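As structure tokens, the structure follows; a few thoughts come after it.
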């Protein structure tokens, strides 16, 4: 058994070190908020945070995450930035089908933690690895701006 630190808890996995983190999260630990999209780290549906960095879980070997802090969408309600981003998503009705939104939120949270007041170009660059088949990109950008204003204490 290999211990992993996921969402501030130690969880055990019997998976081999080469197993993608996504499958450990979904199949072994029943944490299904992180989605499978393409399996090639191209769509961003599987985005999680590893030591605060937006990381594609579909290609990340679980063995490479030993001793590192892993956070999933299930943890975002415990994270100040995560809560504010999720509320902005709700307030602006960002989700359409919703499949990609966990990965979108995880990327947005990582962006706001490193760039508290991003401009449109910074948002577009940070979010470029997250695909949305429904085309909610304008609402995603607006929600990130709204979350940034709220985190800065602006009336929004």
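The values are calculated or read from the model by the stated rules, or taken from the named source; none is laboratory data. The shown structure was predicted, so the numbers you read here are calculated from the model rather than taken from an experiment. Methodologically, a virtual Cβ is constructed for each residue, glycine included, from the backbone with ideal geometry; neighbour enumeration extends over all protein chains shown.
Among the residues of region 41-58, those that are surrounded by fewer than 15 Cβ atoms within 10 Å (Cβ to Cβ) and touching a strand residue (DSSP E or B) at 6+ places or on another chain (Cβ under 9 Å) comprise 42, 51, 52. Of the residues making up region 11-23, one or more are free of Cβ contacts under 8 Å to residues at least 12 places away in the same chain, in a strand (DSSP E or B), on the phi < 0 side of the Ramachandran plot and not assigned by TED's automatic domain parsing to the domain that holds residue 134. Taking the criterion of being outside any loop (DSSP other than H, G, I, E, B) and farther than 15 Å from residue 6 by Cα, the residues of region 57-100 that qualify are 80, 81, 82, 83, 84, 85, 86, 87, 88, 89, 90, 91. For region 24-34, the tally of residues that are under 16 Å from the mean Cα position of the chain (by Cα), without any contact (Cβ under 8 Å) to a residue 60 or more places away in the chain and assigned to a loop (DSSP other than H, G, I, E, B) stands at 2. Note on region 59-76: residues that are free of Cβ contacts under 8 Å to residues at least 60 places away in the same chain and either surrounded by fewer than 17 Cβ atoms within 10 Å (Cβ to Cβ) or under 10 Å from the mean Cα position of the chain (by Cα) (or both) amount to 5.
Applying a threshold of 8 Å to beta carbon distances and a minimum spacing of six or more residues, or different chains, the list of pairs starting in region 104-120 at a residue that is in the same structural domain as residue 86 (by TED's automatic domain parsing) and surrounded by fewer than 20 Cβ atoms within 10 Å (Cβ to Cβ) and ending at one that is in a helix (DSSP H, G or I) and modelled with pLDDT of 95 or more reads 113/81; 115/122; 115/126; 116/148; 116/151; 117/148; 120/141.
Taking the conditions exactly as written (touching a strand residue (DSSP E or B) at 6+ places or on another chain (Cβ under 9 Å) and either closer than 23 Å to residue 36 by Cα or exposed (fewer than 14 other Cβ atoms within 10 Å of the Cβ) (or both)), does residue 82 satisfy them or not?
yes
One residue stands out in region 10-28 among those that are closer than 19 Å to residue 76 by Cα and out of contact with any strand residue (DSSP E or B) (no Cβ under 6 Å at 6 or more places or on another chain): the one that is surrounded by the fewest Cβ atoms within 10 Å (Cβ to Cβ), namely 26.
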